Structure formats: C-alpha cells, structure tokens
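All remarks here apply to the structure that follows.
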Amino acid sequence: MTTPKTTPNRETLAQDRSPPLRVVAVTCIKNEGPFLLEWVAYNRLIGVTDFLVYSNDCTDGSTALLDALAERIALVHVPNPASGRHYQMEALKHAATHPSLRAADWVWITDVDEFLNIHTGAHRIDDLVRACGTPDAISINFQFFANGGVTRFVDAPVIGQFTRTHNPDLFGAEAAIEVKTLTRTGFPLRYFGAHRPFLRRSLAARALPRWTDASGRPVSERFLHAATKRRIRAFRARGARQFATLNHYALRALDSYLVKSDRGDVNRAGRRFDTAYWQLRNDASWEDPSIQRHLPALRDAIAALKADPAISACHAACVAAHRARCAELLAQPAYRALYDTLRTLPTVPETERALAQRLGVEA
C-alpha cells in the first residue's frame, strides 16, 4: 500500500523554519561545585543555550569548575559584584544589562537546586512556550522534594535520588506556592526579581504583557501588578502545572544539608538553614518520578562534559571538598546534634495535615 503524501500547512512550515529559541539561565552560586555539572547538563537538554553564573566567595572549587566550563560551552562566569548583603538582587541588577541577556530570546532566573520539569511535547522550553500560547512570561510553581531518608552524599544525579514530595497543590499551610518565571526579553521590565519580573510603572493597558501560569492561563491582575505583598511571588498551584513544574531539591542528602547550613544562603547574608527550613520542605507524602524520563540522556550529557580533562578534574576536586566538609561538620558537636535531630523529625508538617483535612484532600 502506498502511503499518501501529506502537505504541511503554512503554520507547520513556519514552525519548521523557525530558529531555536536562545534561552539564558541566570543563577548565583556558593559552594555548589558537586551539583554544577548535572544542573548545566540538564538545562542544556531542555533548551537552555547560554548561562550567566555569579559566584559568591566559593571555597569548594566551584569557581575553577565554572571557568573550565566557560572554555567549553556558552557559559559566562562573573564574580558577584554585590557590595551589600543582597547578593542575588545586586547580581540580577547587573545581569539585566549584560550582553548575554540582550542576545537572548528568554531569560530563566533560577538556582542550582531547581530543575524545570516540562510535561508537554519533547519536554523542552520551546514546547512549554508554545503550549502556553507564546506569552511574554510564564510563572511555574515550585514542587519541593523531600530528603526521602537519604543520609549520605553520592556523586550521582540529584533528580535520580529524590522522588518524594508534598501534595503538589499544598505546601505547609498554603494552597499558594512560590513560582519562578521564564521571561521573554521584550517584557516591559522595571527590574528582575528572583521569582518574577516587575512591570514598568504606568503602563497603558495595551502595553501590558501576556503572562501565564504553567497551564497557559493568564495570571491574576493582582499578581501581574504585584498588588498583594503576601502573594507577590506565589499563587494557587492547583490547576496551574499542566505543562510544567519546577522541581526544587532544597534538601538533597542529609550530609549535603549540613554543608548548606554551614554555608548559609547563597542569595542574601544572614539567612540560615535550620530545622524549621528542613521540616517544611521534608514532606514526603507524595511521589513524583516524572523528571526521571531525562536520566539516560542526562547521564550521557554529564559524561560528555567530563570527557574534557579540565572539567573532570575540577568536578572531582569539588566532590572531594564537599565530602571533606561533611566529615569536618559531623565531627563538631553542634552539627552532629543537628544531623541527629533532622533524622527524627516527622515528614508531613502538622500545618499541612490540618489544611488538607479542611480542604478534604490527602496530605
């Protein structure tokens, strides 16, 4: 039987001829060396083409690894120019006029423990953009992944180790969950926030951007205009994640959490990671392994980066430094006590259990 030929319509031809999107990921890091290769490789798999990375006084070899990556891929490493305590906001102000952003189609401001999990098409950023109707901004809700009882750091993809998470529609006592935002470079920008862009003042109605959630639905007027301080970077997650979720591996292995607690916040001075931070995010009531569809390609992509001897050596040095710091901290009574306490805490926050009961959903 002869298969009939089909004639593509004009829209299909236009899509086929359209160049790939140029997407720049912007991030701040401090002592994230063991996790950098996975994060870079994963983002390249989903369509990130360029990286702009600000480093904050790293002591684990991260800066050497970034410099080695910059020799191999489209990555720019900038020592953070911050002079105050708000490292991330000062870096984002600097990034807004950086040539990397001016040359891009989209900007993705994110952290090294965050992985954009796209549920549509070939699971790439261009698929997400098309599914949402090619808007000017897409805000994607977080899903926080629990420690899942993993104590020891291993040098393996984080997305393959952690699958336990909270009810995707609830986080602690809230039905509204924080977002990060993929922003088109033509957005009428006043300034970039870590979670969302902010509009220029006094925009006419016709100049307002098209801004959606990750189901392609318009965000609310109050969120658009940042009119409610309590919800300036969050909105209701139920129904908002049809095409994408932002997997946030804020805890990782217990060993690594001690290092994170010792390091402090990458993005602002004075913030500590303690039992309260852990307990809120260590909700293991649901399982979501969907991102693991990328694991085979991710392992190959990491191996390809490690084929460069300089990158491989720098990564190994970061891993060794991370393990050494874990051992040093565990030898200190205060960190050993924190370690033992974290192992015994319940994995569903009471605030979420109570909210779930009120809403009639599973905690």
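The values are calculated or read from the model by the stated rules, or taken from the named source; none is laboratory data. All values derive from a computational prediction rather than experimental measurement. Every residue, glycine as well, gets a Cβ built from its backbone with ideal geometry; the counts of neighbours run over all protein chains shown.
Details
- Restricted to segment 102-120, and to residues there that are surrounded by fewer than 19 Cβ atoms within 10 Å (Cβ to Cβ) and closer than 15 Å to Leu21 by Cα, the residue that is modelled with the highest pLDDT is Asp105.
- Residue check for Ala363: of a type outside the set (Asp, Glu), modelled with pLDDT under 95, under 17 Å from Ala146 (Cβ atoms) and in contact with a helix residue (DSSP H, G or I) (Cβ under 8 Å, 6 or more places away or on another chain): yes
- Arg241, sole failed condition from (1) touching a strand residue (DSSP E or B) at 6+ places or on another chain (Cβ under 9 Å); (2) surrounded by fewer than 22 Cβ atoms within 10 Å (Cβ to Cβ); (3) basic (Lys, Arg); (4) at pLDDT below 95: (4)
- Wholly enclosed helices (runs of 4 or more DSSP H) of segment 209-322 bearing at least 2 residues among the aliphatic types (A, V, I, L, M): 254-263, 275-281, 295-306
- Looking across segment 333-347, just one residue is in contact with a helix residue (DSSP H, G or I) (Cβ under 7 Å, 6 or more places away or on another chain) and of a type in the set (Val, Ile, Thr), and that is Thr341.
- Condition check for Asp283: within 30 Å of Pro135 (Cα to Cα), touching a Phe, Trp or Tyr at 6+ places or on another chain (Cβ under 9 Å) and among the charged types (D, E, K, R): no
- Taken together, the residues in segment 94-132 that are without any contact (Cβ under 8 Å) to a residue 12 or more places away in the chain and in contact with an Asp or Glu (Cβ under 7 Å, 6 or more places away or on another chain) amount to 1.
- Which listed residue, of Arg325, Arg343, Arg299, is basic (Lys, Arg) and at pLDDT below 95: Arg343
- Checking Thr97 against (1) in contact with a helix residue (DSSP H, G or I) (Cβ under 9 Å, 6 or more places away or on another chain); (2) among the β-branched types (Val, Ile, Thr); (3) surrounded by fewer than 18 Cβ atoms within 10 Å (Cβ to Cβ), the condition it does not meet: (1)
- Some residue of segment 314-327 being more than 25 Å from Tyr42 (Cβ to Cβ) and surrounded by fewer than 17 Cβ atoms within 10 Å (Cβ to Cβ): yes
- Test: residue in segment 56-74 that is at pLDDT below 95 and surrounded by 15 or more Cβ atoms within 10 Å (Cβ to Cβ): yes
- Condition met for Arg281 (charged (D, E, K, R) and touching a strand residue (DSSP E or B) at 6+ places or on another chain (Cβ under 9 Å)): yes
- Residues that are surrounded by fewer than 16 Cβ atoms within 10 Å (Cβ to Cβ), touching a residue at least 12 places away in the same chain (Cβ under 8 Å), in contact with an Asp or Glu (Cβ under 8 Å, 6 or more places away or on another chain) and among the polar types (S, T, N, Q) do not occur anywhere in segment 155-173.
- Output for segment 202-243, where each listed residue is on the phi > 0 side of the Ramachandran plot and either among the aliphatic types (A, V, I, L, M) or under 17 Å from the mean Cα position of the chain (by Cα) (or both): Ala226
- Positions within segment 188-208 being under 26 Å from Cys28 (Cβ atoms), not aliphatic (A, V, I, L, M) and not in a strand (DSSP E or B), in sequence order: Pro188, Gly193, His195, Arg196, Arg200
- Looking only at segment 143-154, residues that are aromatic (Phe, Trp, Tyr) and surrounded by 23 or more Cβ atoms within 10 Å (Cβ to Cβ) come to 1 in all.
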